[in-house]
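Student: Below is a structure I'd like to ask you about.
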Amino acid sequence: MGQPGSGVDTDAGTARADERLPPGQRMQRGEWPVLHYGPVPRFKPASWDFRVTGATADGEEAVWFHEEFGALPTVEVIADFHCVTKFTMLDASWRGVSGRTIVDLAPPAPDATHVTVWAEYGYSSNLRLEDLLREDVVFATHHDGAPLTPERGFPLRLILPHRYAWKGPKWVRGIEYLTEDRRGFWEERGYHNIGDPWEEQRYSYQEDPGDGPPL
């Protein structure tokens, strides 16, 4: 219970927060852990670009250099963040370019069904195209009003609140439209092809037929 007369019922607040946690997750309080594979890349603004490749509607690549990408329309979303290592941040604030904006500006071919998200060092993650079109999916440049730090993905990371966080890479450099699914970096190494935290889809051995291409 809260302090007498405070009007705050902390037990009730904790209960409401617990209802928002996917199975097996715990609520992260304070600073969130920094987790990634490999070193933090050095950002070089003169050579940085974001590319849309693969099965595009016009058969051409779309490219935005750093200043051009920074001039794209931005959105702010309040969205939860679920890490497969079992911590969850509730109501995190993100700002960046929505996935819908990228798809609108560089649309896929009619037969495109999936996306590979490419990041520095050749890291990749695969998604269904419909995942990228959700209203709360954003290529984030800011967290809690401040630019992302290098170890948290500066200058760009993908935020997918409805998936475990490994599906949204740090240090994103572009997307590739696909006409069939193709596993990404961690999905080839034993992680679930879909990664829905509410279904606790952590590992590939949990996959049902149709969840992903053969390993």
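Student: Hey, among D104, D91, which residue is open to solvent by 40 Å² or more (accessible area, probe 1.4 Å), assigned to a strand (DSSP E or B) and out of contact with any Pro (no Cβ under 9 Å at 6 or more places or on another chain)?
Tutor: D91
Student: Still on this model: Please verify whether T53 is open to solvent by 20 Å² or more (accessible area, probe 1.4 Å) and more than 24 Å from L148 (Cα to Cα), treating the condition exactly as stated.
Tutor: So T53 fits the description; yes.
Student: Give region 192-209 a look and list any residue that's assigned to a loop (DSSP other than H, G, I, E, B), open to solvent by less than 70 Å² (accessible area, probe 1.4 Å) and not β-branched (V, I, T), or say none.
Tutor: Residues satisfying the conditions are H192, N193, G195, D196, E200, Q201, R202, E207.
Student: Is there a residue being in a loop (DSSP other than H, G, I, E, B), touching a Phe, Trp or Tyr at 6+ places or on another chain (Cβ under 6 Å) and either without any contact (Cβ under 8 Å) to a residue 12 or more places away in the chain or buried (at least 23 other Cβ atoms within 10 Å of the Cβ) (or both) anywhere in region 171-191?
Tutor: no
Student: Another question about this same structure. Would you tally the residues in region 144-170 being in contact (Cβ under 8 Å) with a residue 40 or more places away in the chain and open to solvent by 40 Å² or more (accessible area, probe 1.4 Å)?
Tutor: 5
Student: How about region 56-88: which of its residues are over 19 Å from the mean Cα position of the chain (by Cα) and either surrounded by fewer than 16 Cβ atoms within 10 Å (Cβ to Cβ) or of a type in the set (V, I, T) (or both)?
Tutor: Passing the criteria: T56, A57, D58, G59, E60, E61, V63, F65, E67, E68, A71.
Student: When you go through A55, A92 one by one, which is the residue that is under 30 Å from R202 (Cβ atoms), modelled with pLDDT under 95 and aliphatic (A, V, I, L, M)?
Tutor: Only one candidate qualifies: A92.
Student: While we're looking at this one, here's another question. Quick one: would you say E130 is more than 20 Å from R183 (Cα to Cα) and open to solvent by 50 Å² or more (accessible area, probe 1.4 Å)?
Tutor: In short, no.
The values are calculated or read from the model by the stated rules, or taken from the named source; none is laboratory data. Worth saying up front: this structure is predicted, and the values here are computed from it rather than measured. Don't worry about glycine lacking a Cβ; one is built from the backbone with ideal geometry, like all the others, and counts go over all protein chains shown. Side chains are part of the model used for accessible areas, which takes the heavy atoms of the whole protein and leaves out ligands, DNA and RNA. Shrake-Rupley method; radii C 1.70, N 1.55, O 1.52, S 1.80 Å.
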